[in-house]
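Mind having a look at this structure? Questions to follow.
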Amino acid sequence: MFGLVRNMYIAWLFGRGMEADAFLAAFQLPDMLSYFLVGGAASITFVTILTQYRDAGREEEGERSLSVILTTMFLVLGSMVVIAEILAPWYVHWWFNGFDAEKAALCVSLTRILLPAQLFFFAGGVFGAVLLVRKQFNVQAVAPLIYNLGTIVGGLLLVKKLGVSSLALGTVAGALVGPFLLNAVFARRAGVRYRPILDWHDEGLHEWVRLSLPLIIGVSLVTADNWIIGHFASTTSGAISLMTYAKRLFTAPMAVLAQAAGAASMPFFASLWAKESHFEFATKVADSVSRVACLGLLAASAMMALGRPAIDLLFVGGRFSVSDARECAAYFAIFSLSMFLWSAQAIYSRAFYAAGNTVVPMAAGTVVTWVALPIYGGLYHGYGAMGLAVASDIGITLQTVTIA
């Protein structure tokens, strides 16, 4: 919900203008770097690894492996951040080929500001996994609040001097204080002591590479959906902004149903699998999917009915006009149709990860992404940005059915 407030603030400041398009597009290279280098959310694989160490009574070894992995990936990820800073202009001109020179230059500048935040997200994910394994969820609830607040505070303090760059600087500060520092402090309170260690023979490092490699090599439509939409929508002025506002409004209830439920359930799934309670594992997964899918259908019906008045209430004002709201509401209604599918696939995917199997979901996700790509292109060329929203629903349908 606080992320929704953040998006309302961005829309009020910059509407669907050039600055909004450039700022929202600037997140894609950092997201891609994180996804293809560390497999996206670091906590997913670490929960599985640390649960295995904890259930085997080898917590000290798990703590040492945590230090080894964190040190190793800080060097690797840090080096790639530097390379991405250099290559950012090439990437923006290639992926957002519909941007004019001014918008592309602004997007490059904002991308370079946002890139270092991936170091904070990775380290925060590692420390956050320690807390998840201990069934401590409070920090995971608070960290995103601080992250989103960082963007807002950056704008409030600096927007008159720095324009949209103030939002990017605030975002990086929020990532430092929330996802990183908060998780690090509470992990230390839980007894974890990080030490810079390089050890290429560490057992935990090898296990992390084994689990993460499929996530790095493959690509899931769950993540690629936003990338693909951004690529095609860049040729239509304001489309990236409006579709992002609609998608993030849609994401607010989805985060409550799918992401929160998935994050909270994964440690329990991992523990059941580690104890070889396979029947109970399967029953819990099926029960969780049924519940979030049913709630997703109920939420979707309410969202479609209330979408237009909700967008009018939340977004109209500042540089976001009534006509912008009308177009945004149409995208939102189409996205809402797939709420129950997004909810179900989040549980199924985490069940695989909890069982230590990252190969099957990533192989399936990669195939689905390549199959769906021409669908996005075809519907965009036939129906414009509205076709991308329809393609998104088709894509997540294929993803969910396949992973199920």
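Could you tell me the relative contact order of the stretch 145-211? Use alpha-carbon pairs under 8 Å, at least six residues apart, and round to a whole percent.
Averaging sequence separation for qualifying contacts and normalising by length gives 30 percent for the stretch 145-211.
While we're looking at this one, here's another question. How large is ³J(HN,Hα), in whole Hz, for each residue of the stretch 25-33 in order, when computed from phi with the Karplus curve 6.51 cos²θ - 1.76 cosθ + 1.60 and θ = phi - 60°, using x for Gly and Pro?
6, 5, 6, 6, 5, x, 5, 5, 4
A further question follows. Can you give the calculated 222 nm mean residue ellipticity of the chain, where each DSSP H run of n ≥ 4 adds -39,500 (n - 2.57) and the sum is split over every residue, rounded to the nearest 500 deg cm²/dmol?
-27500 deg cm²/dmol
Along the charge dipole of the stretch 158-236, Cβ charges K/R +1 and D/E -1, which of N183, V164, Y194 sits furthest on the positive end?
Of the candidates, V164 comes out farthest on the positive side.
Separate question: Which shape class applies to the stretch 171-231: rounded if a/c is under 1.5, otherwise prolate when a/b exceeds b/c and oblate if not, where a ≥ b ≥ c are the square roots of the Cα gyration tensor eigenvalues?
oblate
With unit charges on the beta carbon (Lys/Arg positive, Asp/Glu negative), name the residue among A325, G387, V292 whose Cα is farthest towards the positive pole of the charge dipole of the chain.
My answer, from the dipole projection, is A325.
Short version: ³J(HN,Hα) in whole Hz for each residue of the stretch 66-71, in order, from phi by Karplus 6.51 cos²θ - 1.76 cosθ + 1.60 (θ = phi - 60°), x for Gly and Pro, what are they?
4, 5, 5, 5, 5, 5
Right, another one. What accessible area per residue comes out for the stretch 321-387, rounded to a whole number of Å², with a 1.4 Å probe?
37 Å²
Order these peptides, 311-317, 228-234, by their mean beta-carbon neighbour count within 10 angstrom, highest first.
228-234, 311-317
Another one. Would the stretch 322-404 count as rounded, prolate or oblate if I go by the C-alpha gyration tensor, calling it rounded below 1.5 in a/c and otherwise prolate when a/b exceeds b/c, oblate otherwise?
oblate
Assuming 0.36 nm per residue, please report the length gained on full extension of the stretch R291 to H381 beyond their Cα-Cα distance.
Computed gain between R291 and H381 is 28.7 nm.
Something else: Could you tell me which trypsin sites (Lys or Arg not before Pro) in the stretch 78-162 are loop residues by DSSP with no more than 10 other beta carbons within 10 angstrom of their beta carbon?
Those satisfying the criteria are K135.
Below 16 Å, Cα to Cα, which aspartates and glutamates can K161 reach? Residues fewer than 8 away in the same chain don't count.
Partners within reach: E19.
Leaving out ligands, DNA and RNA, what percent of the accessible area of the chain is carbon and sulfur, probe 1.4 Å?
Carbon with sulfur: 68 percent of the solvent-accessible area.
Kirkwood Rh over alpha-carbon pairs of the stretch 40-185, then Stokes-Einstein at 37 °C and 0.692 mPa s: what D in µm² s⁻¹, rounded to an integer?
Stokes-Einstein gives a translational diffusion coefficient of 196 µm²/s.
Whole-Hz Karplus ³J(HN,Hα) for the stretch 185-193, in order, using 6.51 cos²θ - 1.76 cosθ + 1.60 and θ = phi - 60°, x for Gly and Pro?
3J(HN,Hα) across the stretch 185-193, in whole Hz: 5, 6, 5, 5, 4, 7, x, 7, 10.
In the chain, with Lys and Arg counted as +1 and Asp and Glu as -1 at Cβ, which of these residues, M254, A270, Q52, has the Cα nearest the positive end of the dipole, that is, farthest along it?
The Cα lying farthest towards the positive end belongs to M254.
If you don't mind, another one. How much area per residue is accessible in the stretch 97-194 when the probe is 1.4 Å and only protein heavy atoms are counted (Å²)?
43 Å²
Something else about it: Given springs between every Cα pair under 10 Å in a Gaussian network model of the chain, which of T251, T51, T223 has the largest fluctuation?
In this elastic network of the chain, the residue with the biggest mean-square fluctuation among T251, T51, T223 is T223.
Would you mind pulling out the separation of the Cα centroids of the stretch 107-138 and the stretch 295-357, in Å?
24 Å
Can you tell me which of 31-37, 150-156, 167-173 comes out highest on packing, and rank the rest after it, using the mean Cβ neighbours within 10 Å?
Peptide ranking by packing, descending: 167-173, 150-156, 31-37.
Need one word for the stretch 196-338: rounded, prolate or oblate. Basis is the Cα gyration tensor (sqrt eigenvalues a ≥ b ≥ c); a/c below 1.5 gives rounded, then a/b vs b/c decides.
oblate
In addition: Only Lys, Arg, Asp and Glu count, each charged at its Cβ (+1, +1, -1, -1), so figure out the dipole size of the chain about its Cα centre, rounded to 20 debye.
That gives the chain a dipole magnitude of about 780 debye.
The values are calculated or read from the model by the stated rules, or taken from the named source; none is laboratory data. In this text the structure is predicted, and so the values were computed from the model without any measurement. So basically every Cβ, Gly included, is an ideal-geometry build from the backbone, and we count neighbours across all protein chains shown. Ligands, DNA and RNA are stripped out before the accessible areas are found, and what is left, the full protein with its side chains, is counted by its heavy atoms. Shrake-Rupley method; radii C 1.70, N 1.55, O 1.52, S 1.80 Å.
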